[in-house]
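Below: one structure, written as structure tokens.
None of the figures in this text is laboratory data; all of them are computed from the coordinates on show. Computed from a prediction, not measured in an experiment: that's the story for all the values here. Here the Cβ is made from the backbone with ideal geometry for all residues, glycine too, and neighbour counts use every protein chain on show.
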Amino acid sequence: MNEPYIEYWGLQRHPFLLAPDSQMMFMAGQYFECLERLKYAVNTQKGGALIVSEDAGLGKTTILLKLIEEMKKKYGKAFRYAFVDHPTLDSRQMISYIAGSISGSTPN
């Protein structure tokens, strides 16, 4: 971290990485609302939630990582999830991946 602005602003982490980093997300406006709606869907067990696909780089993955982070903190090992980030999986592979993620075993 040799960029001068990191030291100037007192940052502990680099804020501009290519990979999503939920720790560096500024939760305001529509991002805050989206996260709150997702948490509501999980906490009330109302069923599924939907994030509409938009252009790359708008924060969809980062919001989901933030949700996972918060749910793990709140529920510990009782919180199970499947984060599917492989858009090329066929239906059999998708079901296997989800089942493996939720059960804690490695999918085949």
Least to most buried among M27, M71, by other C-beta atoms within 10 Å and fewest first, runs M27, M71
Where in region 53-108 are there trypsin sites (Lys or Arg not before Pro) that are in a DSSP coil and have at most 13 other Cβ atoms within 10 angstrom of their Cβ?
-> R80
In whole percent, what relative contact order does the chain give with Cα contacts below 8 Å and a gap of six or more residues?
-> 19
Please list the radius of gyration and Dmax for region 4-103, considering alpha-carbon atoms only, with Å as the unit.
-> 15.7, 50
Dipole in debye (nearest 20) - the chain, about Cα centre, beta carbon charges: Lys, Arg +1; Asp, Glu -1 | 640
